[in-house]
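For reference, the structure discussed in these notes is given below.
The values are calculated or read from the model by the stated rules, or taken from the named source; none is laboratory data. This one's a predicted model, so the numbers in the text were calculated from it and none came from an experiment. Positions of Cβ are backbone-derived with ideal geometry, glycine not excepted, and every protein chain shown enters the neighbour counts. The area values use the complete protein model at the heavy-atom level, side chains included, leaving out ligands, DNA and RNA. Shrake-Rupley method; radii C 1.70, N 1.55, O 1.52, S 1.80 Å.
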Amino acid sequence: QVQLVESGGGLVQAGGSLRLVCAASGRIVSINAMGWYRQASGKPRELVATITSGGNTNYADSVKGRFNISRDNAKNTAYLQMNSLKPEDTAIYYCKAQQYDFYYWGLGTLVTVSS
């Protein structure tokens with residue numbers, strides 16, 4: 001089993017920044033992709049950004065140019081730098097990791113952007 005713990009969420013004003021951290025632990029052999037997803041109240045969970053172990057990234061159109069995903073493979077940690085935050089970015093942000101054919105989720109961290 002792999003455990004994921006997110007941190008860094010909180011309350012921020014529109015235009016502000018936050019940095020989310022996802023730390024993986026447990027039976028780690030080789031984590032391939034890591035990603036961030038979010039779920040706003042009353043809406044389905046959606047992809048925010050993903051990054052492979054080789055550093056290839058993918059972003060949702062709604063966050064391109066504002067968010068940046070990165071990872072430290074040696075620490076099994078992924079980061080999401082969020083800039084120019086908007087009220088519509090308010091959601092619970094979840095970390096997801098893939099190891100071989102298994103997928104793991106964290107419990108999420110709440111991001112609230114006030115207008």
Failed criterion for Thr52 (all others in (1) free of Cβ contacts under 8 Å to residues at least 60 places away in the same chain; (2) surrounded by fewer than 19 Cβ atoms within 10 Å (Cβ to Cβ); (3) touching a Ser or Thr at 6+ places or on another chain (Cβ under 8 Å) hold)
(3)
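Yes/no per residue for (1) open to solvent by 40 Å² or more (accessible area, probe 1.4 Å); (2) in contact with a Lys or Arg (Cβ under 8 Å, 6 or more places away or on another chain); (3) under 15 Å from Ser7 (Cβ atoms); (4) among the charged types (D, E, K, R):
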{"residue": "Thr57", "(1), (2), (3), (4)": "yes, no, no, no"}
{"residue": "Val63", "(1), (2), (3), (4)": "no, no, no, no"}
{"residue": "Asn68", "(1), (2), (3), (4)": "yes, no, no, no"}
{"residue": "Met82", "(1), (2), (3), (4)": "no, yes, yes, no"}
{"residue": "Ile92", "(1), (2), (3), (4)": "yes, yes, yes, no"}
Would a scan of region 64-72 turn up a residue that is touching a helix residue (DSSP H, G or I) at 6+ places or on another chain (Cβ under 9 Å), more than 17 Å from Gly9 (Cβ to Cβ) and part of a loop (DSSP other than H, G, I, E, B)?
no
Sort out which residues of region 95-115 are surrounded by 17 or more Cβ atoms within 10 Å (Cβ to Cβ) and out of contact with any Cys (no Cβ under 9 Å at 6 or more places or on another chain), and write them in order of number.
Gln98, Gln99, Val111, Val113
Would you be able to tell me the number of residues in region 17-31 that are surrounded by fewer than 17 Cβ atoms within 10 Å (Cβ to Cβ), within 17 Å of the chain's Cα centre (by Cα) and not in a strand (DSSP E or B)?
1
